[in-house]
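The values are calculated or read from the model by the stated rules, or taken from the named source; none is laboratory data. Since this is a predicted model, take the numbers as computed values, not measurements. Cβ coordinates were reconstructed from backbone atoms using ideal geometry, including for glycine residues, and neighbour counts include every protein chain displayed.
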Amino acid sequence: MIPEHELITQAGQFDPRALAEVYDLFSPRLYRYAMRLLGDASTAEDCVSETFSRYLKALQAGRGPRDHLQAYLFRIAHNLVVDHYRRQTPTEELEEDLPQAGTTEGIAEDNQRKRGVREALRQLTEDQQQVVMLKFLEGWDNEEIARALHKPIGAVKSLQHRALAQLQKILLNEAR
């Protein structure tokens with residue numbers, strides 16, 4: 001495995017081996033992240049594809065990350081997820097909530113819980129959403145999150161605390 005600073009430099013020079021390593025290293029993580037937020041495999045795959053497309057376009061334009069490649073790619077993916085929900089119409093949300101033929105009661109309940117958690121996450125601020133997703137679903141530490149969000153570690157901890165309190169409040173109200 002190539003060290004990150006070398007990987008960024010080589011990818012910026014369009015070295016096929018470095019670009020392949022970037023894709024192999026980050027695509028599964030980005031897919032999990034997008035899948036958790038979007039709840040649809042096809043849309044998550046599109047998000048990962050577009051993330052790498054935008055990364056390559058940035059490299060072609062002489063931009064792109066100078067360090068913290070992971071944070072850079074996750075920021076692109078997060079922006080794509082936010083854009084997806086901004087474009088979504090109310091009828092699309094309604095169609096998502098309709099029961100699908102042939103599902104068992106247990107699967108339906110599980111899907112409903114997942115939708116509830118995704119909806120609760122959407123009610124958080126963008127920064128709170130990212131902190132929760134990166135910390136608890138991707139396993140990042142506070143320092144990595146701080147770099148990704150360009151915030152001090154104390155701000156990340158505060159965002160995390162407020163996000164968890166808000167999620168608890170939202171989910172408890174829904175359970176009533």
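Results, tabulated for the structure shown:
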| quantity | calculated |
| --- | --- |
| Candidate set from the stretch 40-73 (those that are outside any helix (DSSP H, G or I) and without any contact (Cβ under 8 Å) to a residue 40 or more places away in the chain); member that is surrounded by the most Cβ atoms within 10 Å (Cβ to Cβ) | D40 |
| Filter pass, A108 being touching a Pro at 6+ places or on another chain (Cβ under 8 Å), surrounded by fewer than 18 Cβ atoms within 10 Å (Cβ to Cβ) and free of Cβ contacts under 8 Å to residues at least 24 places away in the same chain | yes |
| Any pair with Cβ under 8 angstrom, 6 or more apart, that starts in the stretch 133-153 at a residue that is within 15 Å of A34 (Cα to Cα) and ends at one that is β-branched (V, I, T) | L134/I145; K135/I145 |
| Verdict on P3 being surrounded by fewer than 16 Cβ atoms within 10 Å (Cβ to Cβ), under 23 Å from I145 (Cβ atoms) and within 21 Å of the chain's Cα centre (by Cα) | no |
| Among the residues listed as K135, K114, K157, the single one being surrounded by fewer than 17 Cβ atoms within 10 Å (Cβ to Cβ) and either out of contact with any helix residue (DSSP H, G or I) (no Cβ under 9 Å at 6 or more places or on another chain) or closer than 24 Å to H84 by Cβ (or both) | K114 |
| Considering residues of the stretch 74-109 that are more than 13 Å from the chain's Cα centre (by Cα), assigned to a helix (DSSP H, G or I) and β-branched (V, I, T) only, the residue modelled with the highest pLDDT | I107 |
